[in-house]
Amino acid sequence: MTDAVLTGIRIIEVSTTRAAATAAMLLAEAGADVIKVSAAASRAAAVEPGFAVWDRSKRSVILDLAQSGDRDRFDALLRSARVFVHDIPPRRARQQGLDDETLSARFPRLIITSIGGYPAGHPRADDVPVHDAMVLAESGLCTIPIAINRAGPVYMRFPLGTSGASYLAACGIVARLIAAQHGAPAGSVRTSLLQGALIPAAMHWYRAERPTESLQAGMPRNEPDTIFQCSDGQWIHVMSCPDGADLMQAGLAQMSDADRERCRKLHPRTPFTTRSFPNWQANVEIFQRHAREPWLSSLRAADVAVDGVEPLGKIYFDEQARINGYVVAVDDPVRGRTLQPGPPISMTPAIRIRNPAPRPGTHQDEVFATSLSDVDGPASLATTHPPQQPLAGLKVLDFGSFLAGPLGPMLLADLGATVIKVEMTSGDPMRWLDAAFVGCQRGKRSLALSIKDPASKAVLERLVRWSDVVHHNQRLTAARKLGLDYETLATMNPDIVYCHVSSYGPLGPRKDWPGYDQMFQSSCGWELESAGGGNAPRWVRFGMLDHQCALASVLATLLGLYMRHKTGKGQAVTSSLLGASVLTVGETIVRPDGSLTPYPQLDSMQLGIGPHDRMYQCRDGWIEVLAAADRMQEIYAAAGVDDVSGLARWMAQACVSDALALVRHGGAQAVQIALDDGHSFFASEDNRRSGLIAQYSHPLYGRFEHVGRFWDFGNLQQNVGRAPPLLGQHSCEILREFSFTDAEIDALIASGTVVQAAVP
């Protein structure tokens, strides 16, 4: 791995959770030397199937940090490292001398990265474990999904906070390394499961002084999932109008006038079905006339965005996933030859698996055979003006649309980059849905430009020559026609890092197919798993796989920038919905006999994955319980019941305070579930002080409050103060900065090549 991106970067990891382990794994497969330090007592944790993925590409040692000799060896590891990653709660970290202040004083070259349940410094940071269900319950995020068979909150089967936080930590580390290349001192990168979950929550939670009708409607809860059942009982998720497919055309032609009128009356008149499914009820009935495979063939031939609803793990056998390296064979020392998720991004040098997850202590002799050298180089480079933000000075062109494309540049803007959003003069197609649009657009300026118009060429060339990064999620067939492919843009600026976000990856027969979050929730199994046992599939309203894809694109872009500083050369990097989605399935892997390793499954009422990790309804609210199996017996005994059914009946008669006391007296953990759809989140002064709430002045909405910072970099600032832009809000301002005269700008506007918003 001498030619890897992060060659020469040593990372020390102390963790027991998936979030920190995954963050370190992502960087290990980019070439970092990750040494995982485990306690002897934690050997059993490595048996959990997911750690076969999350601990991959690392070396493993066993140390007892309470023993002086082992602590000395651990300190030697830290002196030899650039990065320390951990998930130790703040109070315990201080007790062990592993808090940011102590470590920074002793190891000034060290980037100290922590992932908590809540942000470090938040009053709940020590009291709520690094566990998705607990964090989502107490914050109120589990009220965003819609329960199928009842009212109330939904247990979120997908690891929403964990998956977001793992990318945030990995991206934060690389951003710190880039800042160090430009003279910034070392310091902290702190994030949390709550911040990881708030990324998709940004299109649901906000407050506006003057909301538009669309913003007030939000992400409508009455929109039906566009999931249709076929004649063989199988399901498909369709994300564009199916009426052009030959099977659907034939079915519509066969309908009588009476049937058409009946279907028209049954049409659910919602914004999305009205726009995209004008024959909704007829579609529902016609889909039931043919089996799934003929439907998939017919719809795909008509370029309709569609995929089948599959069980969790079926994606491991997908041809497209294998061709792109999103599924790989790994010879695991415990389970033999397995199928596992591969790296979700591609670049040069290649991101690749270094070795299977080792047994704890495998590299003890290798790591400590010789004395460890202190990390080379000063704590920071000598510079007159060190950056004040991780990505200060970085210039980004965002040609993305919808969500998976624009979110990545928004996160780069949060880190200090200057981002210009270049969109069609008709606007980003997501603009019709204000809630989703604002969730991925802050921090940018908008230039509305008709790239199809030859008059736009001069504008485009100046923009590209100015930029460090070009980022988009257009299909490459369309990008080539518009001259937005890497080969064309690299002739204008060979130094750019060009990040393309695709649906199915850069290789294979489906590389140019359209795709949406919903199709990957369906094909990767999350629509079935999230619905609960025996229920029809249900789309999870967080749209979390779009966000996973965007986060992967940020990591790919940052690694490309880090490599550019080393080599002086730009390059093309990629992420995809398919690649990011496959990685989320890593809690189960394929064994040599083709079966899946066990994984927890949600009950039919969407309450939890067992009595030990479950929501319970009380007389005056709900609680989430997290308990070890032996503790459940104590809780049953204290309540005078024999099983989970009895406990649920006891809870239903108890008030929340008594239920919490019962569980905690039994040695388990519990939190009250917030049910107010984000109101308590914005009302919390603790959240405000922790930077979790951002406030802008918006041209339309007036005072606008939104989800705030996703990281805390300590001595480096972030930029979360610019509101999402109106279409073309900054067109003239940007063109003047690029030396266009007023006469030239007037001509571009008069011809319709450029649109300038009339800002209220």
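The values are calculated or read from the model by the stated rules, or taken from the named source; none is laboratory data. Fair warning: this is a prediction, and the values are worked out from it, not measured in the lab. Backbone-built Cβ (ideal geometry, glycine too); neighbour counts: all protein chains shown. Surface accessibility is based on the protein's heavy atoms, side chains included, excluding ligands, DNA and RNA. Shrake-Rupley method; radii C 1.70, N 1.55, O 1.52, S 1.80 Å.
For segment 676-737, the orientation-averaged shadow of the C-alpha convex hull comes to 6.1 nm² (one quarter of the hull surface). In summary, the lysines within cross-link reach of residue 452, defined as a Cα separation below 22 angstrom excluding same-chain residues under 8 places away, comprise 421, 481. For segment 233-339, a/c is not less than 1.5, where a ≥ b ≥ c are the root eigenvalues of the C-alpha gyration tensor, and a/b tops b/c. That puts it in the prolate class.
Under a cut-off of 20 Å between alpha-carbon atoms, report the lysines in cross-link reach of residue 569, not counting same-chain residues fewer than 8 places apart. Once the sequence-local lysines are set aside, what remains near residue 569 is 395. With all protein chains kept in place, the per residue accessible area of the chain amounts to 37 square angstrom at a probe of 1.4 angstrom.
Building the convex hull from the alpha-carbon atoms of segment 644-752 and averaging its projection over directions returns 13.6 nm². Which of the helices in the chain meet the span-like rule: DSSP H, Cα axial reach of 30 Å or more, Kyte-Doolittle mean at least -1.0? Those that clear 30 Å and a mean of -1.0 are 160-181, 544-567.
Of the solvent-accessible surface of the chain, computed with a 1.4 Å probe over protein heavy atoms with every protein chain present, carbon and sulfur atoms account for 50 percent. Distance between the modelled labels on residue 234 and residue 665, one decimal in nanometres: 5.4 nm (7 Å Cα→Cβ projection). Packing, taken as the mean count of other beta carbons within 10 Å per residue, orders the peptides 401-408, 741-748, 567-574 from highest to lowest as 401-408, 567-574, 741-748. Straightening the chain between residue 293 and residue 759 buys 162.8 nm, computed as 0.36 nm per residue apart minus the Cα-Cα spacing. A simple charge model with +1 on the Cβ of Lys and Arg, -1 on the Cβ of Asp and Glu and nothing else charged puts the dipole of the chain at about 840 debye relative to its Cα centre. Volume per residue for segment 64-173 equals 118 cubic angstrom (convex hull of Cα atoms). Packing here is the average count of other Cβ atoms within 10 Å per residue, and on that basis the peptides 688-701, 152-165, highest first, run 152-165, 688-701.
Can you tell me how segment 607-648 classifies by the Cα gyration tensor, rounded, prolate or oblate, using a/c under 1.5 as the rounded cut? Judged from the Cα gyration tensor, segment 607-648 comes out oblate (a/c at least 1.5, b/c at or above a/b).
Largest accessible area first, the listed residues 738, 74 line up as 738, 74 when surface is computed with a 1.4 Å probe on the assembled protein chains. If the chain linking residue 300 and residue 319 were pulled fully straight, counting 0.36 nm for each residue of separation and taking away their Cα-Cα distance, it would gain 5.2 nm. Protection proxy ranking of 654-666, 137-149, by the mean of other Cβ atoms within 10 Å over each peptide's residues and highest first, is 137-149, 654-666. Helix-only arithmetic for the chain: the sum of -39500 (n - 2.57) across DSSP H runs with n ≥ 4, divided by the residue total, places the mean residue ellipticity at 222 nm at -10000 deg cm²/dmol.
Using the Cβ-Cβ distance between residue 285 and residue 223 with R0 set to 22 Å, the FRET efficiency works out to roughly 0.65. Computed on the Cα trace of segment 1-156, the radius of gyration divided by the Kirkwood hydrodynamic radius gives Rg/Rh = 1.03.
The computed semi-axes √(5λ) of the Cα gyration tensor in Å for the structure shown corresponds, within (1) 51, 31, 24; (2) 84, 26, 26; (3) 38, 35, 26, to (3). Ranking 439, 357, 386 by how far each Cα lies toward the positive end of the dipole of the chain (charges on Cβ) leaves 386 at the top. For segment 502-583, the convex hull drawn through the C-alpha positions has a volume of 95 cubic angstrom per residue. Against the criterion of solvent-accessible heavy-atom surface with a 1.4 angstrom probe, 539, 513, 54 sort, most first, into 513, 539, 54. Cross-link partners of residue 58 among lysines, defined as those whose alpha carbon lies under 18 angstrom from its own and excluding same-chain residues fewer than eight positions apart: 36. Does segment 403-481 classify as rounded, prolate or oblate by the C-alpha gyration tensor (a ≥ b ≥ c root eigenvalues; a/c under 1.5 gives rounded; else a/b over b/c gives prolate, otherwise oblate)? Because a/c hits 1.5 or more and a/b fails to exceed b/c, segment 403-481 counts as oblate.
Ranked from largest to smallest solvent-accessible area, with a 1.4 Å probe on the protein heavy atoms, 221, 649 come out as 649, 221.
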